[in-house]
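What follows is a single structure, written as structure tokens, with notes after it.
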Amino acid sequence: MQIDNDILFKLSTEFPDRLSLMEVRLQAQEDEITLLKSSLADALRKLRLHDQQIPLLKQQLIAGKRNGLFQCANIKIFPRDQTWSSILEDTIQPTTIRTLQKQQSKGSEDSQGSCPQTPTSSSPAPPKEPTSSPHGGPLSPIREGEKMLCQSIKMFIRGRPITMYIPSNILNYEELRMDLPSQKLDLDWVYGYRGRDCRANLYLLPSGEAVYFIACVVVLYHINNQTQRHYQKHTDCVRCLAIHPDKVRVASGQTAGVDKDGKPLQPFVHIWDSKTLVTLQQVGLGTFERGVGALAFSSSVSIDAGTFLCVIDDSNEHMLSVWDWNKNIKHVEVKSTNEAVLAVDFSPTDTNNIISCGKSHVYFWTMSAGTLTKKQGIFGKYKKPKFVLCFVFSLTGDVLTGDSEGNILTWGKSAADTKTLGKGAKETFQIMKQTRAHEGSVFTLCILQGGAILSGGGKDRKVIRWSADLAPERECEIPEKFGAVRTIADVDGEELLVGTTRNAILRGSFSDGFVGHVDEMWGLATHPTQNIFLTCGNDRQVCVWNAEDHKLDWCTTLEESGLCADFSPNGGVVSVGLSTGRWVVLDLQTKEVVTDLTDGNEQLSVMRYSPDGSFLAVGSHDNFIYIYNVTEGGRRYTRFGKCTGHSSFITHLDWSKDGKYIMSNSGDYEILYWDVASGCKLLRNRFESKDREWASYTCVLGFHVMGERKSFFFYDFRYKWFLLRKQHNEPYLDPSDYCTVSCMSILCQRDAPHCAL
């Protein structure tokens, strides 16, 4: 039985979307299972607490003190249909047990009265039933006459109730109002360059500025002055760049994304002025799918130079469209191919000719009368490469391509072969010459002013200069630590800018430049006294940066991925948590590992020294917090204890100012408090910690930061969302996954005012 080809094509194009949908559903199911486990753990904790109270309750009942007992215990009877999640807090607190124990130790004469009406700080009473609050969560007061003794706020995250107690110095939460912070955010410096998975993304302007991008920012770096300017109008990651023939205007295309409210953001192209950073035009909003993969300005020497913009999107068909970008008019659009497309450009001699290349293809397009027709390059007797990675136009008009076989192919028009193909055969584009260039792939080609050619290799990491007729002249090799050559930009014929696959930009002799992370960056730590900071990530690199000179001080490679880090208070060492439960301590002077320990066999998520540096807390994905004694200036560590009680992996933790207590968050939205000095005990009465002062506030759950809780509904904060360390009562920074950094006031309310960058 023959199946219609159209049906097969439709199924093949829909498969990636279905797979993506299944991945989303699987993640949602995993989140639901995590919350069910946490709810079960909560229920078990409450049952254990009630089991401890039952014998004492029975003794009091037998003694005939029923009225006083019920007043002390604040017992409530809930309807049958009320669930555990609807109860604001444990109805019988641990302080009740201490009260009953004190009463039991007294004589019958001393124990006849009821429990005191006014709870003290050592024996606080539990809150009553919640009342409505205009701030989005139930407000739970305890009153004695008209005097308010305690308040708590309940918020829900993914259906789970989170109770947070209001500090005593806030007398009336209903009247609490926060103003916009006086501080403003201004982007000063961007570290890094996206060379790992992007091409043709480094150019040099006549102003002496190198143009490249990282995340959603396009950076203009002045090489001699060592200053940066930034184009920041994109709403998601930039994927490609193109320079107008006038060398002033720039086009940058971005990928699709979502905003902070979970609404989809459509991809588009921005055309902007590199001198003023003013946006001149926004092209293709609502037209492109998934993202913009490649783009190019027309570069013909005719009067229409730079008038047209060619764009290829990341849809299944990789739609190719040509725009008059000044008028924002689309002249033509056509399906390109179902295979990956890596590059596109106009012919420098004829605007109506366009070339694109990618997986196993080179297409020669002709634009005429509002239509685009293509001819596929014929490889003929030459081996067809898996990828055609790049191409340039020689000064003679030939097309030179670099491929995954390490060859540079010279293409030209060939007359119609009427003997083989018969009458009506049309001219074709065929390979005129093959030049063996590199071991491994040819990642980039660059034409110099005199007609010479530069090629950059993948496996051999070489930059080779060729004459116009492809005779090798000079070559050099990029050091292995910088990776393969991704792209080349000509400075003056002798000096070059080279972008590499390990996110480095090298200049001239390749001794200058800066390096970023090859993979996702997870760990970030700032030095307590010096203007330096450390980063680590999945690329196994640990980098120490100088924030004043905007340079890399030093970099070392670990055996495993680094996911979290923290400097000791004395600034002499830094601890780095790895992906397998190992953690190492590096000496900043010698750059050597002075301690190498392991806790569990799961990844570590947070490292945090106590304020005086005498303890180190290690948060793990095995649900435990490991506490270590620190001696010898941070070079010797001995296990002190282990905090056990979380029902999911640790995400954040902070020390109190006196170094005796820890506040922690977990993946199932728990807020727990620990008495480290007393043996890493879990403080079951969270009310007692409401006035405690913390040395830092990186935890994302708590009363002081509840203003950000809107983010939790659309975004999994456990992996990406974090707060930078801040001083008490000062504004703090809130980075998000939506390409923004917000400056917010501490004690902020829901949807609090903030300034964003």
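Can you spot a residue in the stretch 206-213 that is crowded, with 16+ Cβ neighbours inside 10 Å and assigned to a loop (DSSP other than H, G, I, E, B)? Steps first, please.
From the stretch 206-213, those crowded, with 16+ Cβ neighbours inside 10 Å are 209-213; that's our starting set.
Still in the running and assigned to a loop (DSSP other than H, G, I, E, B): none.
No; the residues of the stretch 206-213 include none that is crowded, with 16+ Cβ neighbours inside 10 Å and assigned to a loop (DSSP other than H, G, I, E, B).
Please count how many residues of the stretch 441-496 are in contact (Cβ under 8 Å) with a residue 60 or more places away in the chain, among the small types (Gly, Ala, Ser) and open to solvent by 20 Å² or more (accessible area, probe 1.4 Å).
1
Could you list, in sequence order, the residues of the stretch 655-685 that are closer than 25 Å to Ser39 by Cβ and in contact (Cβ under 8 Å) with a residue 40 or more places away in the chain? Step through it out loud before you land on a result.
Initial filter on the stretch 655-685 (closer than 25 Å to Ser39 by Cβ): 662-674, 680-685.
Within the stretch 655-685, Ile662, Ser664, Ser666, Gly667, Asp668, Tyr669, Glu670, Ile671, Trp674, Cys680, Arg684, Asn685 qualify.
Determine, yes or no, whether Gln254 is in a strand (DSSP E or B) and in contact with a Cys (Cβ under 8 Å, 6 or more places away or on another chain).
yes
So which residues in the stretch 199-247 are on the phi > 0 side of the Ramachandran plot and aliphatic (A, V, I, L, M), if there are any at all?
Ala200, Ala215
Which of the residues that make up the stretch 638-650 are assigned to a strand (DSSP E or B) and either surrounded by fewer than 20 Cβ atoms within 10 Å (Cβ to Cβ) or touching a Gly at 6+ places or on another chain (Cβ under 6 Å) (or both)?
Selection gives Thr638, Arg639, Phe640, Gly641, Lys642, Ile650.
Consider Glu632 carefully, then state whether it is over 28 Å from the mean Cα position of the chain (by Cα) and over 29 Å from Glu693 (Cα atoms).
Considered against the rule, which asks whether it is over 28 Å from the mean Cα position of the chain (by Cα) and over 29 Å from Glu693 (Cα atoms), Glu632 comes out as no.
Here are some conditions: (1) modelled with pLDDT of 90 or more; (2) under 27 Å from Leu241 (Cα atoms). Ala471 meets all but one. Which one does it not meet?
(2)
Just give me the residues in the stretch 461-485 being in a loop (DSSP other than H, G, I, E, B) and either farther than 15 Å from Gly499 by Cα or of a type in the set (A, V, I, L, M) (or both), in sequence order.
The answer is Ser467, Ala468, Asp469, Leu470, Ala471, Ile478, Ala484.
Those residues that are under 22 Å from the mean Cα position of the chain (by Cα) and small (Gly, Ala, Ser), I need them from the stretch 202-247; list them, please.
Within the stretch 202-247, Ala215 is the sole residue that qualifies.
A quick yes/no check of all residues on (1) out of contact with any Pro (no Cβ under 6 Å at 6 or more places or on another chain); (2) open to solvent by 10 Å² or more (accessible area, probe 1.4 Å); (3) under 20 Å from Val311 (Cα atoms):
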{"site": "Gln226", "(1), (2), (3)": "yes, yes, no"}
{"site": "Gln232", "(1), (2), (3)": "yes, yes, no"}
{"site": "Val250", "(1), (2), (3)": "yes, no, yes"}
{"site": "Gly257", "(1), (2), (3)": "yes, yes, yes"}
{"site": "Gly262", "(1), (2), (3)": "yes, yes, no"}
{"site": "Val283", "(1), (2), (3)": "yes, no, yes"}
{"site": "Glu289", "(1), (2), (3)": "yes, yes, yes"}
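Being of a type in the set (Val, Ile, Thr) and either closer than 19 Å to Gly402 by Cα or in a strand (DSSP E or B) (or both) is the filter here, so list the residues in the stretch 341-385 that pass it.
To start, the set of residues in the stretch 341-385 that are of a type in the set (Val, Ile, Thr) comprises 341, 344, 349, 351, 354-355, 362, 366, 371, 373, 378.
Within the stretch 341-385, Val341, Val344, Ile354, Ile355, Val362, Thr366, Thr371, Thr373, Ile378 meet the criteria.
Ser315: in contact with a Lys or Arg (Cβ under 7 Å, 6 or more places away or on another chain), assigned to a loop (DSSP other than H, G, I, E, B) and either open to solvent by less than 30 Å² (accessible area, probe 1.4 Å) or outside the structural domain of Tyr363 (by the TED database) (or both), yes or no?
Yes: the conditions hold for Ser315.
Which residues, counting only those in the stretch 413-440, are open to solvent by 80 Å² or more (accessible area, probe 1.4 Å), modelled with pLDDT under 90 and in a strand (DSSP E or B)?
Lys413
Which of the residues that make up the stretch 545-567 are more than 14 Å from Ser605 (Cα to Cα) and crowded, with 20+ Cβ neighbours inside 10 Å?
Answer for the stretch 545-567, where residues must be more than 14 Å from Ser605 (Cα to Cα) and crowded, with 20+ Cβ neighbours inside 10 Å: Trp545, Phe567.
Any residue in the stretch 363-383 that's outside the structural domain of Gln430 (by the TED database): show its pairings with residues that are open to solvent by 60 Å² or more (accessible area, probe 1.4 Å) at Cβ separation under 8 Å, as long as the two are six or more apart or on different chains.
Once the first residue is outside the structural domain of Gln430 (by the TED database) and sits in the stretch 363-383, no partner that is open to solvent by 60 Å² or more (accessible area, probe 1.4 Å) comes close enough.
For the stretch 612-635: of the residues being of a type in the set (Ser, Thr, Tyr) and assigned to a strand (DSSP E or B), which is most open to solvent (accessible area, probe 1.4 Å)?
Thr631
Can you pull out the residues in the stretch 474-489 that are under 26 Å from Asp398 (Cα atoms) and either modelled with pLDDT of 90 or more or basic (Lys, Arg) (or both)?
Within the stretch 474-489, Arg474, Val485, Arg486, Thr487, Ile488, Ala489 qualify.
Filter the stretch 588-605 for residues that are open to solvent by less than 10 Å² (accessible area, probe 1.4 Å) and either out of contact with any Ser or Thr (no Cβ under 6 Å at 6 or more places or on another chain) or outside any strand (DSSP E or B) (or both) and give the result.
Asp599
Being out of contact with any His (no Cβ under 8 Å at 6 or more places or on another chain), surrounded by fewer than 16 Cβ atoms within 10 Å (Cβ to Cβ) and not hydroxyl-bearing (Ser, Thr, Tyr) is the filter here, so list the residues in the stretch 354-389 that pass it.
Result: Ala369, Lys375, Ile378, Gly380, Lys381, Lys383, Lys384, Lys386.
Can you find a residue that is open to solvent by 40 Å² or more (accessible area, probe 1.4 Å), closer than 29 Å to His550 by Cβ and without any contact (Cβ under 8 Å) to a residue 24 or more places away in the chain anywhere in the stretch 272-281?
Taking every residue of the stretch 272-281 in turn, at least one turns out to be open to solvent by 40 Å² or more (accessible area, probe 1.4 Å), closer than 29 Å to His550 by Cβ and without any contact (Cβ under 8 Å) to a residue 24 or more places away in the chain.
The values are calculated or read from the model by the stated rules, or taken from the named source; none is laboratory data. Remember, it's a predicted structure, so these values are computed and weren't measured experimentally. With ideal geometry, Cβ positions are generated from the backbone for all residues, glycine too; neighbour counts draw on all protein chains shown. We work out accessible area using only protein heavy atoms, side chains counted, and drop any ligands, DNA or RNA first. Shrake-Rupley method; radii C 1.70, N 1.55, O 1.52, S 1.80 Å.
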